[in-house]
Amino acid sequence: MTYQFKINKDVAVEDIARFVGCGIHVAEMLFGAPRVRAESSYMFDDKARVVIINGDSTVGSHLVQILSYRLTEEFGEESFEVKQFADEEAAYEY
């Protein structure tokens, strides 16, 4: 499953990048950097304010959960919308 986060304008682009980086760091602490590199993929389009994470692996699933948690904790549930896509390519049509 691929997850598409659309983040509203109340969240600074720098915060989005920081939260993605934090998620990767936490995943590396849990699984090790080599496994995170091998089993996860993401894309951040700062102009569109979209983050796409492939959640097919355990690592990717954790990245989705971490980003969701950080955005909710810091900015509230209204700060973003997340959609699931069975077809990864469809997640890139935004």
*Ranked by Cβ crowding within 10 angstrom, fewest neighbours first, how are Y69, Y3 ordered?*
Y69, Y3
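Normalised by the residues of region 1-74, what does the relative contact order come to in percent, with Cα pairs under 8 Å and at least six apart?
The value is 39 percent.
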*Rank these for me by crowding, V36, V13, going from fewest to most other beta carbons within 10 Å.*
V13, V36
*asked:* Through the Karplus equation 6.51 cos²θ - 1.76 cosθ + 1.60, θ set to phi - 60°, convert the phi angles of region 51-61 into ³J(HN,Hα) values in whole Hz; use x for Gly and Pro.
replied: 10, 10, 10, 7, x, 5, 9, 4, 4, x, 4
*Just the ratio, please: alpha-carbon radius of gyration of the chain over 2.2 N^0.38 Å, N its number of residues.*
1.00
*Enumerate the calculated ³J(HN,Hα) couplings along region 12-24 in order (Karplus 6.51 cos²θ - 1.76 cosθ + 1.60, θ = phi - 60°), each rounded to whole Hz, writing x wherever the residue is Gly or Pro.*
5, 4, 5, 5, 4, 4, 5, 5, 5, x, 4, x, 5
*Pick out which of S40, S57, S68 has the largest mean-square fluctuation in a Gaussian network model of the chain, springs linking Cα atoms closer than 10 Å.*
S57
*Between Y94 and D15, what is the spin-label point distance in nm, taking each point 7 Å from the Cα along the Cα→C-beta axis?*
1.7 nm
_Which of R37, R49, R70 ends up with the largest GNM mean-square fluctuation for the chain, with Cα atoms connected below 10 Å?_
R37
_Cα-projected label distance for Q65 with N8, points at 7 Å along beta-carbon direction, nm_ = 2.7 nm
_Restricting to DSSP H runs of at least four residues, report the calculated mean residue ellipticity at 222 nm for the chain, -39500 (n - 2.57) per run over all residues, nearest 500 deg cm²/dmol._
-16000 deg cm²/dmol
_Long-range HN-HN contacts of F80 with modeled amide H, under 5 Å_ = N8
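FYI, it's all coordinate maths here, none of it is from the lab. Computed from a prediction, not measured in an experiment: that's the story for all the values here. Using ideal geometry, Cβ is built from the backbone for each residue, glycine included, and neighbour counts are taken over all protein chains shown.
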